[in-house]
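Working notes, beginning with the structure itself.
Derivation of every value follows stated rules applied to the coordinates shown; laboratory data play no part. Since we're looking at a predicted model, the values are computed, not measured. Glycine also receives a Cβ, built like all others from the backbone with ideal geometry; neighbour counts cover every protein chain displayed.
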Amino acid sequence: ERASATGGVRDLANSGDRLYHQLRDAAVTIAEDWPGRGASAFCEDSVLLGGANRLIDRFCTLMERQPVDIRFGGQLTIDQILARPAEVARLARAGLSYVFIGVETLSPEEIGGMSKDVGRKRSSWTDRMHQAFDILGAAGIDCGCAVLFGLGERHDSRLALLDRLDRFRRSHGAPDPISLNWAVQHPLCGEDGGANYDYVD
């Protein structure tokens, strides 16, 4: 969910420790209930550990000191992957086996831009997607993606995006899966027909 709906991230400074302890507790519980089956988890943060180097480093340090037998996944943006290949590789050694990214479009400018498109001056969104898949693949991390239609793009742009993702899948083995989504008004941003929903509702 967008921050304007849910509010800002709380207690981000301790999130590396918190995630470590949550994964450790999950692995212990699963080992007790299902011996020998192995544990896995998906971290549902909008971006894993806020994408912050110091938080990723803290989490990885804890995993290196006292490893947890768990495979886990999380979300990162394309530009975060490109800016942190060493941290991505370190996360892979700590158990990160799956990353989910949002692709949305091949042409961010067609939909009025995207705040996460921070590397637009360096290279195209498509080129950066390609590089991100390479980094994840080199680290042994599987990658899935979300495509969001209905942002104002043209229909031929949607078809071009699906074609490009198909070519990426054949050349890189990723993204897989591809989640197709349709953009809708967010009921928590004043578009709830007067129902006055809050986040819990």
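Using only side-chain charges placed at the Cβ, +1 for Lys and Arg and -1 for Asp and Glu, the dipole size of the range 48-99 relative to its Cα centre rounds to 80 debye. Between R10 and A86, the contour length at 0.36 nm per residue exceeds the Cα-Cα span by 24.7 nm. Put a dot 7 Å past the Cα of D57, heading toward its Cβ, do the same for D17, and the two dots end up 1.7 nm apart. Placing a label point 7 Å from the Cα of S46 along the Cα-to-Cβ direction, the residues of the range 61-93 whose backbone N falls under 18 Å of that point are 74-81.
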